[in-house]
Amino acid sequence: MKFKLTAALAGLAMLVGAGAAHADGELNIFNWGNYTSPDMIKKFEDKYKVKVTITDYDANDTALAKVRAGGHGFDIVVPSANYMPIWIKEGLLLESRPDQMENFKNVDERWVNVDWDPGRHYSVPWQWGLTGIIVDTSVYKGDVNTSSIFLDPPAELVGKINVAPEMNDVMYATIRYVGGEWCTADKEVLKKVRDKLVEAKPKWIAMDYGVIEKFASRDFAAAYYWNGAAMRARAQNPAVKFGYPKEGFPYFMDSAAILKDAKNVENAKLFLNFIMDPENAAMISSFARYANGIKGSDKFMPADMKDAPELIVPKDLEAAGRFLKPCPPEVTDIYTKIWTEVLK
């Protein structure tokens with residue numbers, strides 16, 4: 001029998017335990033590619049008799065444009081922190097009140113009153129990490145804790161560098177590299193940024209999302225990319241090392257949220273509660289190799305994640321990391337113009 005709740009009972013169910021009952025039907029998740037644990041999804045499907053379909057996207061802007069256009073059929077999306085205020089302001093997300101769900105008690109206090117969703121009325125933690133440098137040390141043996149690896153690359157790495165095609169991450173690293181601050185509209189600084197990126201791009205081999213296998217095959221010798229992927233690449237190529245750019249690097253947290261026009265709202269609420277369970281959160285992290293925001297999940301993590309260098313920021317470089325705040329629209333427009341020029 002299809003799982004249904006009246007509006008009155010829905011709030012009660014959230015309070016006493018979203019997930020106590022069995023459901024059937026469907027759930028359509030729109031998430032970053034290669035980022036969702038198949039084992040975790042199977043566990044959810046088996047428990048609630050819900051068929052889950054995963055559709056991938058490759059950038060925050062891609063996901064936002066798709067949902068803005070309507071007619072998408074998705075129930076859950078996983079935006080990054082600096083995009084979450086846009087989703088909320090534009091009314092694209094359901095105020096599903098994860099803070100009233102049974103498993104919300106497991107959310108680490110650090111991730112409750114976050115700037116992008118205070119009190120967590122819309123979203124729950126998925127995973128968090130940072131963007132930094134990946135280097136194959138069999139090719140290059142110098143300092144990896146610098147954005148010069150992709151902005152002023154050493155001769156050994158020219159033509160062997162991949163850069164994540166994510167505007168904000170690349171712009172942030174480059175702005176910091178030339179001495180500016182995030183969200184700056186200073187024309188002199190931004191001219192340096194544009195010139196540096198235009199100068200550097202011919203020295204890259206790609207701007208791609210597929211890096212793990214490319215480091216295994218040694219098609220890539222360096223990348224500006226995410227730390228979880230670096231750990232997965234190191235598992236296939238032990239010469240891989242991850243660096244934290246001393247000039248500045250961006251942290252991210254991606255959070256799962258229900259779309260305002262979701263067709264399977266109750267199943268989506270079950271899913272949000274499900275991934276706040278420590279064992280299930282650990283399954284997400286174990287697959288993609290990023291940290292999550294759920295207390296107690298570390299007990300279920302693989303041993304090699306507990307002291308992984310890709311997850312432990314060196315003390316002397318901690319201050320170089322920042323969560324990106326949304327910039328004013330007029331500043332974002334300038335950054336987009338620079339980015340468009342770089343992509344030509």
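Angle between the Cα long axis of helix 329-343 and the longest principal axis of the chain, 0 to 90 degrees, nearest 10?
The answer is roughly 60 degrees.
May I ask you to list the aspartates and glutamates whose Cα is less than 13 Å away from that of residue 260, ignoring any residue fewer than eight positions away on the same chain?
List returned: 75, 90, 95.
Could you state the angle between the C-alpha long axis of helix 187-200 and the longest principal axis of the C-alpha atoms of the chain, as a value from 0 to 90 degrees rounded to the nearest 10?
80 degrees
Treating only the Cβ of Lys, Arg, Asp and Glu as charged (+1, +1, -1, -1), what charge dipole size does the chain show about its Cα centre? Round to the nearest 20 debye. Mind dumping the intermediate values first?
On the way: 42 positive and 46 negative charges, 47 e Å.
Roughly 220 debye for the chain.
Could you list the residues of segment 118-140 with an amide nitrogen less than 12 Å from a label point located 7 Å from the Cα of residue 155 in the Cα-to-C-beta direction?
So the set is empty, nothing qualifies.
Using helices alone, I'd like the mean residue ellipticity at 222 nm for the chain: each DSSP H run of four-plus residues gives -39500 (n - 2.57), total over residue count, nearest 500.
Details: 12 runs with 118 residues, N = 344.
The per-residue figure over the chain is -10000 deg cm²/dmol.
Cα axis of helix 278-288 to longest principal axis of the chain: angle in degrees, 0 to 90, nearest 10?
30 degrees
Cα to Cα, under 16 Å, and not fewer than 8 places away if on the same chain: which aspartates and glutamates meet these conditions relative to residue 42?
24, 26, 277, 279
Multiply the residue gap between residue 186 and residue 58 by 0.36 nm, knock off their C-alpha separation, and tell me the result in nm, one decimal place. Walk me through the numbers on the way to the answer.
Working: separation 128, 0.36 × 128 = 46.08 nm, distance 2.97 nm.
This chain segment gains 43.1 nm when fully extended.
Sequence-distant or interchain residues sharing an amide H contact under 5 Å with residue 114, placed H: which?
Excluding prolines and chain starts, which carry no amide H, the hits are 119, 120.
Quick one: grab the alpha carbon gyration tensor of segment 141-251, order the square roots of its eigenvalues as a ≥ b ≥ c, and give me rounded if a/c is under 1.5, else prolate or oblate depending on whether a/b is larger than b/c.
Numbers: a/c = 2.03, a/b = 1.76, b/c = 1.16.
Note, shape of segment 141-251 comes out prolate.
Magnitude of the Cβ-charge dipole of segment 211-344, K/R +1 and D/E -1, about the Cα centre, nearest 20 debye?
Values: 18 positive and 17 negative charges, 27 e Å.
Charge dipole, segment 211-344, about its Cα centre: 120 debye, nearest 20.
Suppose all protein chains stay in the model; what accessible area per residue would a 1.4 Å probe give for segment 159-318, in Å²? Walk me through the numbers on the way to the answer.
Numbers: 6220 Å² over 160 residues.
In whole numbers, segment 159-318 has 39 Å² accessible per residue.
What residue among 240, 283, 113 has its Cα farthest toward the positive end of the dipole of the chain, where the charges are +1 on Lys, Arg and -1 on Asp, Glu, each on the Cβ?
283
For the chain, which whole-number percentage of the solvent-accessible area (1.4 Å probe, protein heavy atoms only) is attributable to carbon and sulfur atoms?
Values: 7920 of 14840 Å².
After summing per-atom areas, the C and S share lands at 53 percent.
Taking H as built 1.01 Å from N, whose amide H comes closer than 5 Å to the amide H of residue 311, not counting residues under 5 places away?
none
Past 26 Å, Cα to Cα, is the threshold; run 141/201; 47/89; 203/306; 66/295 against it and keep the listed order.
Over 26 Å apart, Cα to Cα: 47/89; 203/306; 66/295.
Can you work out the accessible area per residue across segment 75-146, with the rest of the protein chains kept in place, probe 1.4 Å, in square angstrom?
Working: 2610 Å² over 72 residues.
On a per-residue basis, segment 75-146 sits at 36 Å².
With the crude spin-label approximation of a point 7 Å out along Cα→Cβ, what separation in nm comes out for residue 34 versus residue 143?
Each label point lies 7 Å from its Cα, and together they span 3.0 nm.
If you take Rg and Dmax of the Cα atoms in Å from the coordinates, which of (1) 24.2, 102; (2) 20.5, 66; (3) 22.0, 73 do you get?
Computing Rg and Dmax of the Cα atoms in Å and matching it to (1) 24.2, 102; (2) 20.5, 66; (3) 22.0, 73 gives (2).
Please state the charge dipole magnitude for segment 39-183, taken about the Cα centre, from unit charges on C-beta atoms (+1 on K and R, -1 on D and E), reported in debye and rounded to the nearest 20. Before the final figure, lay out the partial values.
Working: 15 positive and 22 negative charges, 85 e Å.
For this selection, approximately 400 debye.
Can you find, among 211, 100, 200, the residue sitting farthest towards the positive end of the charge dipole of the chain, where Lys and Arg contribute +1 and Asp and Glu -1 at Cβ?
Sorting the options by dipole projection puts first 211.
The values are calculated or read from the model by the stated rules, or taken from the named source; none is laboratory data. Since this is a predicted model, take the numbers as computed values, not measurements. Positions of Cβ are generated from backbone atoms using ideal geometry, with glycine treated the same way; all protein chains shown enter the neighbour counts. Each accessible area value is taken on the protein alone, full model and side chains, heavy atoms only, with ligands, DNA and RNA left out. Shrake-Rupley method; radii C 1.70, N 1.55, O 1.52, S 1.80 Å.
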